[in-house]
1. Once phi is turned into ³J(HN,Hα) by the Karplus curve 6.51 cos²θ - 1.76 cosθ + 1.60 with θ = phi - 60°, what whole-Hz value does each residue of the stretch 28-42 show in order, with x for glycine and proline?
2. Starting from the amide H of His72, placed 1.01 Å from N in the peptide plane, find each other amide H under 5 Å away whose residue is 5 or more places distant or on another chain.
3. Using DSSP to define loop residues, name the trypsin sites (Lys or Arg not before Pro) in the stretch 38-75 whose beta-carbon has at most 13 other beta-carbon atoms within 10 Å.
4. Would you mind putting 26-34, 65-73 in packing order, based on average other-beta-carbon counts within 10 Å, highest first?
5. Could you give me the ³J(HN,Hα) list for the stretch 45-53, computed from phi with Karplus coefficients 6.51, -1.76, 1.60 and θ = phi - 60°, whole Hz, x at Gly and Pro?
Amino acid sequence: MKSVLYFTKSVDIIDEKMGEKENGLMLVLSGPSGVGKDVMARRIVSCVPGSTMIRTYTNRAQRPGEPDDAYHHISKEEFEE
């Protein structure tokens, strides 16, 4: 139940801030693996008009079964540049 409350409040805040900002708003979801960051991001994108998700960069190896377009996979050297 808490996550639904947080989600509703987050969408309300994002809607309000996007209306105020001409240049938009960037929201960063951070947390340990498996806590639901992607689920929350997809729900926000589906509820907030004009919002979108970006593809992130990682220097880790692609996981088995992971879609090719889930991340931009680059070398550690490229990542550190």
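1. Here the 3J(HN,Hα) series is 10, 9, 10, x, x, 4, x, 8, x, 4, 5, 4, 5, 4, 5 Hz.
2. Here Thr56, Tyr57, Thr58 satisfy the definition.
3. In loop regions of the stretch 38-75 (DSSP not H, G, I, E or B), the sparsely surrounded trypsin sites (Lys or Arg not before Pro) are Arg55, Arg60.
4. Numbers: 26-34: 8.2, 65-73: 10.6.
Highest to lowest by the protection proxy: 65-73, 26-34.
5. Using θ = phi - 60°, the values come out as 4, 6, 9, 10, x, x, 8, 8, 9 Hz.
Each reported figure results from applying straightforward, stated rules to the coordinates on display, with no laboratory input. Please read all numbers here as calculations on a predicted model, not as lab measurements. Glycine also receives a Cβ, built like all others from the backbone with ideal geometry; neighbour counts cover every protein chain displayed.
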